[in-house]
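Remarks on the structure that follows.
The values are calculated or read from the model by the stated rules, or taken from the named source; none is laboratory data. Since the structure is predicted, the reported quantities are computational estimates derived from the model, not experimental observations. Quick reminder, even Gly has a Cβ in these numbers, built from the backbone with ideal geometry, and neighbours come from all protein chains shown.
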Amino acid sequence: MQEEIEGCYQSVDALKYTGREFRSIRDDVCREESYVLFLNGIQVVTLIVSPSQLRELGVGFVVSEGLASGVEEVKVSGNTIQVYAKAARLPQKKITESSGGMSMGNPPQKVSSALTLTAEEVFHVISEIISALWLKTGGAHCSVLYSGGRLIAMSSDVGRHNTIDKVIGFAILNRIDLSLCILGCTGRQPAGMVTKAAHAGVPVIVSKAATTQKGIAIAEEAGVTLIGRVRENAFTIYTHPERIMGFLESKKARKGGRRCQRK
């Protein structure tokens, strides 16, 4: 899935100060629209999103919030998204997350995956996050899915939580095994963002930004490798470093060195 930006921005009149003068300009800004999501005919939530990849958004939200493990059908009409799923679990409570999204309050699922990756792949995933909508407006987040050495999905949105829903929804609609995927994000990774990945069965999150203590706790509990603050030659691993190739060998070497020193 390629990033879709048509209809996600518009030009507005503005004034630009350049240090010496004010001048009139036309500036491109993100659009945000409200969509009401229904699950099996029951209204669940109103989402504020960039108006693109709405089928993927609906499917991804239902799965990433733990409301269903899969989806049978999704329809978009006007400003409504209708999702149909077997064995759906309607939300018992709704929580406004620090990510700006609305959580359905379901506890995270335990992720099972044999996926491993190299440090070079961490940098490569981040290098793939080049959002056309952000370049045009400066006001969008972006998420990508990376699997088998290639980029398989990309989404931009005014809400970083929506970008995760959209790429997850794409994977589900296209029967892509999420347990073999790496999720790359521009945004911070608090508990609500990490929980989305865990519900969908994504084993690795890589972000340009930081996380929070609850994001780390959720990732540890759910078995998700959480990597943040990726820079040119460095990144920080917060949980489950065993998926990073070379870590276990390095750990053994350090232990061996300490034993030699004690002798």
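Cβ-Cβ under 9 Å, sequence separation 6+ or interchain: first residue in the range 21-32 and over 20 Å from G7 (Cα atoms), partner surrounded by fewer than 15 Cβ atoms within 10 Å (Cβ to Cβ) and basic (K, R). Which pairs?
What qualifies is F22/K16; R23/K16; S24/K16; I25/K16.
Identify all residues within the range 52-90 that are in contact with a helix residue (DSSP H, G or I) (Cβ under 7 Å, 6 or more places away or on another chain) and at positive phi; write none if there are none.
Passing the criteria: Q53, G66.
With the requirement that a residue be out of contact with any strand residue (DSSP E or B) (no Cβ under 7 Å at 6 or more places or on another chain) and over 19 Å from V83 (Cβ atoms), what does the range 1-57 give you?
E4, E6, G7, Y17, T18, G19, R20, E21
From the residues in the range 16-47 that are β-branched (V, I, T) and part of a strand (DSSP E or B), which one is surrounded by the most Cβ atoms within 10 Å (Cβ to Cβ)? Before you say what the answer is, go through the steps one by one.
Of the range 16-47, the ones β-branched (V, I, T) are 18, 25, 29, 36, 42, 44-46.
Keeping just the survivors that are part of a strand (DSSP E or B) gives 25, 29, 36, 42, 44-46.
Values: I25: 11, V29: 15, V36: 14, I42: 10, V44: 23, V45: 19, T46: 12.
The qualifying residue surrounded by the most Cβ atoms within 10 Å (Cβ to Cβ) is V44.
Within the range 96-204, considering only helices (runs of 4 or more DSSP H) that don't extend past its boundaries, which have at least 3 residues that are over 16 Å from G215 (Cα atoms)?
In the range 96-204, the matching helices (runs of 4 or more DSSP H) lie at 119-127, 132-137, 160-173.
What is the residue count in the range 206-247 for residues that are surrounded by 13 or more Cβ atoms within 10 Å (Cβ to Cβ), at pLDDT below 95 and either part of a loop (DSSP other than H, G, I, E, B) or in contact with an Asp or Glu (Cβ under 7 Å, 6 or more places away or on another chain) (or both)?
As a first pass, look at the range 206-247 and keep what is surrounded by 13 or more Cβ atoms within 10 Å (Cβ to Cβ): 206-212, 214-230, 235-241, 243-245, 247.
Subset that is at pLDDT below 95: 245, 247.
If we keep only those that are either part of a loop (DSSP other than H, G, I, E, B) or in contact with an Asp or Glu (Cβ under 7 Å, 6 or more places away or on another chain) (or both) too, we end up with 245.
Going through the range 206-247 one residue at a time, the tally reaches 1.
Scanning for something assigned to a strand (DSSP E or B), in contact (Cβ under 8 Å) with a residue 24 or more places away in the chain and surrounded by fewer than 16 Cβ atoms within 10 Å (Cβ to Cβ), does the range 48-71 turn up at least one residue? Spell out the reasoning first.
In the first step, residues of the range 48-71 are kept if they are assigned to a strand (DSSP E or B); the result is 48-49.
If we keep only those that are in contact (Cβ under 8 Å) with a residue 24 or more places away in the chain as well, we get 48-49.
When the remaining residues are screened for being surrounded by fewer than 16 Cβ atoms within 10 Å (Cβ to Cβ), the result is 48.
Yes, there is a match, as at least one residue in the range 48-71 is assigned to a strand (DSSP E or B), in contact (Cβ under 8 Å) with a residue 24 or more places away in the chain and surrounded by fewer than 16 Cβ atoms within 10 Å (Cβ to Cβ).
Can you tell me which condition E221 does not meet? The list is (1) over 17 Å from the mean Cα position of the chain (by Cα); (2) more than 28 Å from V71 (Cβ to Cβ), and all the others hold.
Unmet condition: (2).
With L226, L178 as the choices, which residue is free of Cβ contacts under 8 Å to residues at least 60 places away in the same chain and touching a Pro at 6+ places or on another chain (Cβ under 9 Å)?
Details: L226 fails: touching a Pro at 6+ places or on another chain (Cβ under 9 Å).
Testing whether each residue is free of Cβ contacts under 8 Å to residues at least 60 places away in the same chain and touching a Pro at 6+ places or on another chain (Cβ under 9 Å) leaves just L178.
Give the residue that is farthest from D28 (Cα to Cα), with candidates limited to residues of the range 147-159 that are surrounded by fewer than 24 Cβ atoms within 10 Å (Cβ to Cβ) and touching a residue at least 60 places away in the same chain (Cβ under 8 Å).
Initially, the range 147-159 is screened for residues surrounded by fewer than 24 Cβ atoms within 10 Å (Cβ to Cβ), giving 147-152, 158-159.
Filter once more, keeping what is touching a residue at least 60 places away in the same chain (Cβ under 8 Å): 152, 158-159.
Numbers: I152: 28, V158: 14, G159: 17 Å.
Out of the qualifying residues, it is I152.
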